[in-house]
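The values are calculated or read from the model by the stated rules, or taken from the named source; none is laboratory data. In this text the structure is predicted, and so the values were computed from the model without any measurement. So basically every Cβ, Gly included, is an ideal-geometry build from the backbone, and we count neighbours across all protein chains shown.
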Amino acid sequence: MWLRIVSRPGPNLDLIAARRRRKSPARPGQHMSRAELAAAINRNLDQMKIDKPADLHVDNRFIAKIERGDISWPHELRRVALRRALHAATDGELGLQNPR
């Protein structure tokens, strides 16, 4: 009998660090919260010329899933909006990895 062990990726430390490098727009002296990052991503999605940006909108729980490593490769448009929100040039800078 074979036992398959599936290792779960750890937390996305690159994304956490990138978010914490950004200043909070609402709380002076604090870093950007997950909710503020989600709001920035949603603003970027709204600015893109796509049919249904609301279907792609995220919240702080979605950001937490990426930071925990539960989601390693969000939808392409979400990745674009995330890179814009955190001023990153590549997905790799944010620790995003295609699982394939």
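When only residues in segment 54-69 that are farther than 14 Å from Arg34 by Cα and touching a residue at least 12 places away in the same chain (Cβ under 8 Å) count, which is surrounded by the fewest Cβ atoms within 10 Å (Cβ to Cβ)? If we take residues in segment 54-69 being farther than 14 Å from Arg34 by Cα and touching a residue at least 12 places away in the same chain (Cβ under 8 Å), then Gly69 is surrounded by the fewest Cβ atoms within 10 Å (Cβ to Cβ).
Do the conditions hold for Pro74, that is, is it at pLDDT below 95, touching a Leu at 6+ places or on another chain (Cβ under 9 Å) and surrounded by 14 or more Cβ atoms within 10 Å (Cβ to Cβ)? Here the answer is no, as Pro74 does not meet what is asked.
Looking across segment 77-100 at every residue that is at pLDDT 95 or above and charged (D, E, K, R), the one that is surrounded by the most Cβ atoms within 10 Å (Cβ to Cβ) is identified as Arg78. Can Ala38 be described as under 12 Å from the mean Cα position of the chain (by Cα), of a type in the set (A, V, I, L, M) and modelled with pLDDT of 95 or more? Spelling it out, Ala38 is indeed under 12 Å from the mean Cα position of the chain (by Cα), of a type in the set (A, V, I, L, M) and modelled with pLDDT of 95 or more. Taken over segment 7-16, the residue count meeting the criterion of being assigned to a loop (DSSP other than H, G, I, E, B) and either closer than 15 Å to Ile63 by Cβ or of a type in the set (D, E, K, R) (or both) is 3. Does segment 17-31 include one or more residues that are surrounded by fewer than 18 Cβ atoms within 10 Å (Cβ to Cβ), in a loop (DSSP other than H, G, I, E, B) and at positive phi? Looking for residues that are surrounded by fewer than 18 Cβ atoms within 10 Å (Cβ to Cβ), in a loop (DSSP other than H, G, I, E, B) and at positive phi, one finds at least one in segment 17-31, hence yes.
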